[in-house]
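Peer 1: Pasting a structure here, questions to come.
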There are 6 protein chains.
Amino acid sequence: MFSVTVRDHVMIAHSFKGEVFGPAQRLHGATYVVDVEFKRRTIDADGIVIDIGRAIDVLRAVLAELNYRNLDEVPEFAGRNTTTEFLAQVIFTRLLAAGRRGDLGPGANAVEQIRVTLHESHVASASYEGNTGAAS
Amino acid sequence: MFSVTVRDHVMIAHSFKGEVFGPAQRLHGATYVVDVEFKRRTIDADGIVIDIGRAIDVLRAVLAELNYRNLDEVPEFAGRNTTTEFLAQVIFTRLLAAGRRGDLGPGANAVEQIRVTLHESHVASASYEGNTGAAS
Amino acid sequence: MFSVTVRDHVMIAHSFKGEVFGPAQRLHGATYVVDVEFKRRTIDADGIVIDIGRAIDVLRAVLAELNYRNLDEVPEFAGRNTTTEFLAQVIFTRLLAAGRRGDLGPGANAVEQIRVTLHESHVASASYEGNTGAAS
Amino acid sequence: MFSVTVRDHVMIAHSFKGEVFGPAQRLHGATYVVDVEFKRRTIDADGIVIDIGRAIDVLRAVLAELNYRNLDEVPEFAGRNTTTEFLAQVIFTRLLAAGRRGDLGPGANAVEQIRVTLHESHVASASYEGNTGAAS
Amino acid sequence: MFSVTVRDHVMIAHSFKGEVFGPAQRLHGATYVVDVEFKRRTIDADGIVIDIGRAIDVLRAVLAELNYRNLDEVPEFAGRNTTTEFLAQVIFTRLLAAGRRGDLGPGANAVEQIRVTLHESHVASASYEGNTGAAS
Amino acid sequence: MFSVTVRDHVMIAHSFKGEVFGPAQRLHGATYVVDVEFKRRTIDADGIVIDIGRAIDVLRAVLAELNYRNLDEVPEFAGRNTTTEFLAQVIFTRLLAAGRRGDLGPGANAVEQIRVTLHESHVASASYEGNTGAAS
């Protein structure tokens with residue numbers, strides 16, 4: 001299995017509901033350093049998993065929708081805790097949609113799994129990995 | 001698959017038996033920077049894989065049993081080389097036991113795999129990953 | 001010159017006033033990974049710059065005052081942009097006060113400079129370094 | 001599953017053919033920081049996955065064949081783009097061959113997968129993971 | 001003293017002349033991960049050392065002049081070894097010129113020192129630090 | 001000012017005397033990831049601060065004297081706590097001596113300062129920086 005990973009980051013505010021979160025129930029924020037790994041079984045005729053330039057651009061665009069925002073005010077997330085785990089899945093879903101729209105180029109059709117990891121500090125991270133539905 | 005990873009460290013002394021270890025047969029030591037990744041298929045109603053505060057506390061407690069010790073004098077390890085690989089499994093086993101005692105909170109019941117990675121320097125690490133036995 | 005550096009982190013929300021900040025004028029947030037370096041000319045009779053256990057505890061206490069907060073609502077910061085640079089100096093000032101209260105132990109009296117660095121992402125950081133006023 | 005990972009690096013020049021590469025069609029170069037992870041189900045009687053000293057030596061030897069070279073002039077790569085993905089597989093294949101020659105010691109026979117990751121910058125990496133053919 | 005540091009990278013090919021370089025006399029290449037630290041004594045009325053958005057853009061522009069190039073063919077570098085140390089100074093000089101042209105905004109006038117560090121691998125880096133000539 | 005930094009590591013056992021050390025009074029150990037920075041005002045005719053190959057070899061030789069040892073049994077350190085700060089100075093002194101013996105090549109004569117940093121974990125480090133006595 002081949003993979004390519006690209007990194008970017010996003011800075012957001014939010015608060016959590018639930019006693020398990022302790023002081024994180026207060027409005028606070030985070031920098032998430034985001035790694036996205038695209039996996040496929042073979043490389044294409046150019047020798048690549050995916051057009052890395054497009055991957056970087058699409059990741060930046062997906063993060064721009066969240067960047068410098070208070071996630072408590074984003075209608076789509078109403079009633080949900082925007083935990084690191086949850087946001088990893090949100091980014092996965094939006095990357096998947098971007099790939100299906102063709103934004104990641106033709107190579108994206110052969111990508112079988114995508115893994116999204118959000119580093120919230122030097123000691124904690126969360127990730128979501130899912131299948132793309134590409135025939136393998 | 002979702003995952004959450006937390007990091008801590010431990011500083012120990014030990015020696016190894018066996019020619020394969022060369023100068024590491026002498027009494028020496030190591031700092032292990034320890035990453036523990038908890039994996040489960042879904043997140044809970046709070047939006048989390050596991051209570052990260054508990055995960056950090058349990059990891060600290062597991063490492064405290066080893067920290068600032070000469071592992072050559074720990075009865076439980078008698079006759080074993082306390083290699084990085086071996087210690088990764090020891091920590092896995094102790095985290096699993098802590099989870100079963102409830103120390104990791106109810107979310108731990110849904111954790112399907114745990115991966116423990118010990119970084120022994122900037123150029124070497126070892127890991128152990130195992131199933132928890134949680135129904136998947 | 002000797003130095004000892006310890007690391008911790010803090011997660012906050014805030015917004016900035018001023019066109020130079022662009023989208024960061026909106027309420028957002030950050031994780032700051034904080035490095036504090038204590039510098040002195042000699043080590044003491046124990047062979048140390050400072051009691052590292054106390055240094056870690058004091059840094060945690062200083063960061064706890066900021067952690068999981070919306071800095072826009074902290075009266076002390078009213079009318080100021082809580083930029084990374086500004087916060088580095090705030091943390092410096094509070095560490096200096098803690099040292100003068102004796103919280104860092106006797107070794108702190110010999111510390112001549114303190115440098116505080118806040119990493120706000122994998123590509124940006126800011127720092128403040130100042131003299132403590134210790135005779136050199 | 002146990003694993004051991006070792007790190008080294010290599011510095012090369014090359015160019016790519018294909019519009020997808022944009023300015024990287026020009027002759028340029030890269031430092032690849034290379035992580036190799038050896039995975040096996042059990043550790044041996046010494047408590048190890050593999051002789052880490054041999055692993056480091058073999059990795060250095062494999063990278064030495066590429067180091068300080070213009071890959072455009074390496075006959076074996078003629079007609080191929082020596083992308084990060086492609087080079088990860090090349091290194092995998094050469095490590096596999098070294099293991100079969102016995103250069104990695106007897107433990108290598110039990111290694112079931114090898115994962116090779118090349119970090120080309122602080123924001124991009126590629127990897128290849130494959131089975132060794134060891135009975136599992 | 002306050003400082004702000006931003007990071008970017010550049011990928012180049014080159015060769016060196018001189019026996020001291022050993023195999024690096026051959027055409028090879030490098031990824032340089034570049035950190036630029038801007039230092040000044042005070043922060044401005046906005047609370048910043050420099051407009052970080054402009055700093056990132058200017059650094060990208062300076063690196064773009066070198067990126068994806070064979071430095072052996074750059075007329076300006078004829079007869080010089082484009083070592084990591086040398087390139088750190090080249091980037092310093094170009095950032096200084098950009099600041100004087102106003103590309104870094106008005107805050108750049110108060111920057112007293114700039115430090116440029118090029119990481120060429122996980123085990124080696126070089127830097128150049130110089131005064132800007134700003135009144136202090 | 002120019003500088004070049006190289007990295008290596010060393011694994012040792014030791015114990016400390018003094019209540020300030022708490023549990024670190026017990027025999028334990030550490031991995032020190034060691035960064036050595038050589039600083040000089042100008043680069044030589046080859047474009048370098050120092051022969052980096054020699055710097056790496058000399059650092060490895062200096063660390064080899066300590067590596068895989070119980071520092072409590074090293075006669076030279078009798079009666080001293082081999083703290084991270086102390087060891088940074090020991091390594092500085094030995095590098096200085098190596099430079100004076102010519103082991104670092106002729107460029108070492110122009111090196112004005114050497115800074116040695118020992119990272120003992122992902123959250124703590126210590127350093128020693130001193131002048132070499134080179135005319136500046």
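Peer 1: Would you point out the residue of region C:93-117, among those that are assigned to a helix (DSSP H, G or I), hydrophobic (A, V, I, L, M, F, W, C) and over 14 Å from residue C:134 (Cβ atoms), that is most open to solvent (accessible area, probe 1.4 Å)?
Peer 2: C:97
Peer 1: Working only within region B:84-98, note down all residues that are more than 14 Å from chain D (Cβ to nearest Cβ) and without any contact (Cβ under 8 Å) to a residue 40 or more places away in the chain.
Peer 2: Residues satisfying the conditions are B:94, B:96, B:97.
Peer 1: Given the criteria out of contact with any Phe, Trp or Tyr (no Cβ under 8 Å at 6 or more places or on another chain) and of a type in the set (A, V, I, L, M, F, W, C), does residue A:43 qualify?
Peer 2: In short, no.
Peer 1: Mind listing whichever residues of region B:33-43 are facing another protein chain (nearest Cβ under 9 Å) and assigned to a loop (DSSP other than H, G, I, E, B)?
Peer 2: B:43
Peer 1: Can you tell me which of E:81, E:67 is under 30 Å from residue D:25 (Cβ atoms), within 14 Å of chain F (Cβ to nearest Cβ) and assigned to a loop (DSSP other than H, G, I, E, B)?
Peer 2: E:81
Peer 1: Let me ask something else about it. Touching a residue at least 24 places away in the same chain (Cβ under 8 Å) and open to solvent by 20 Å² or more (accessible area, probe 1.4 Å), is that true of residue A:43?
Peer 2: So residue A:43 fits the description; yes.
Peer 1: When you scan region C:118-131, how many residues do you find that are open to solvent by less than 20 Å² (accessible area, probe 1.4 Å) and more than 7 Å from every other protein chain (Cβ to nearest Cβ)?
Peer 2: Here the count works out to 2.
Peer 1: Every residue in region F:61-75 that is in contact with a strand residue (DSSP E or B) (Cβ under 6 Å, 6 or more places away or on another chain) and either open to solvent by 60 Å² or more (accessible area, probe 1.4 Å) or not hydroxyl-bearing (Ser, Thr, Tyr) (or both), please.
Peer 2: Within region F:61-75, F:63, F:66, F:67, F:69, F:70, F:71, F:72 meet the criteria.
Peer 1: Moving on. For residue D:15, are the conditions met, namely being among the small types (Gly, Ala, Ser) and either under 20 Å from residue B:81 (Cα atoms) or at pLDDT below 95 (or both)?
Peer 2: Considered against the rule, which asks whether it is among the small types (Gly, Ala, Ser) and either under 20 Å from residue B:81 (Cα atoms) or at pLDDT below 95 (or both), residue D:15 comes out as no.
Peer 1: Here's a follow-up. Check off (1) farther than 22 Å from residue F:70 by Cβ; (2) more than 11 Å from the chain's Cα centre (by Cα); (3) among the charged types (D, E, K, R); (4) surrounded by 18 or more Cβ atoms within 10 Å (Cβ to Cβ) for residue B:85 and give me the number that stays unchecked.
Peer 2: (2) is the only condition that residue B:85 fails.
Peer 1: Here's something else I'd like to know. When the residues of region C:1-32 are narrowed to those that are assigned to a strand (DSSP E or B) and open to solvent by 20 Å² or more (accessible area, probe 1.4 Å), which ends up farthest from the other protein chains (Cβ to nearest Cβ)?
Peer 2: Top of the filtered list is C:8.
Peer 1: Just to be sure before I move on: is residue C:80 under 24 Å from residue E:4 (Cα atoms) and basic (Lys, Arg) in the structure I sent?
Peer 2: Here the answer is yes, as residue C:80 does meet what is asked.
Peer 1: Could you grab me the full set of residues in region D:46-60 that are open to solvent by less than 20 Å² (accessible area, probe 1.4 Å) and farther than 21 Å from residue B:115 by Cα?
Peer 2: Across region D:46-60, the qualifying residues are D:55, D:58, D:59.
Peer 1: Now, a different point. I'd like the full set of residues that are closer than 22 Å to residue E:47 by Cβ and in a loop (DSSP other than H, G, I, E, B), limited to region C:44-64.
Peer 2: none
Peer 1: Kindly list the number of the only condition in (1) more than 13 Å from the chain's Cα centre (by Cα); (2) over 24 Å from residue F:71 (Cα atoms) that fails for residue B:68.
Peer 2: Unmet for residue B:68, out of (1) more than 13 Å from the chain's Cα centre (by Cα); (2) over 24 Å from residue F:71 (Cα atoms): (2).
Peer 1: Can you name every residue in region E:83-136 that is among the aromatic types (Phe, Trp, Tyr) and more than 20 Å from residue E:16 (Cβ to Cβ)?
Peer 2: Answer for region E:83-136, where residues must be among the aromatic types (Phe, Trp, Tyr) and more than 20 Å from residue E:16 (Cβ to Cβ): just E:92.
The values are calculated or read from the model by the stated rules, or taken from the named source; none is laboratory data. Here the structure is a predicted model, which means the values were calculated and not measured. Positions of Cβ are backbone-derived with ideal geometry, glycine not excepted, and every protein chain shown enters the neighbour counts. Calculation scope for accessible area: heavy atoms of the full protein, side chains included, ligands and nucleic acids excluded. Shrake-Rupley method; radii C 1.70, N 1.55, O 1.52, S 1.80 Å.
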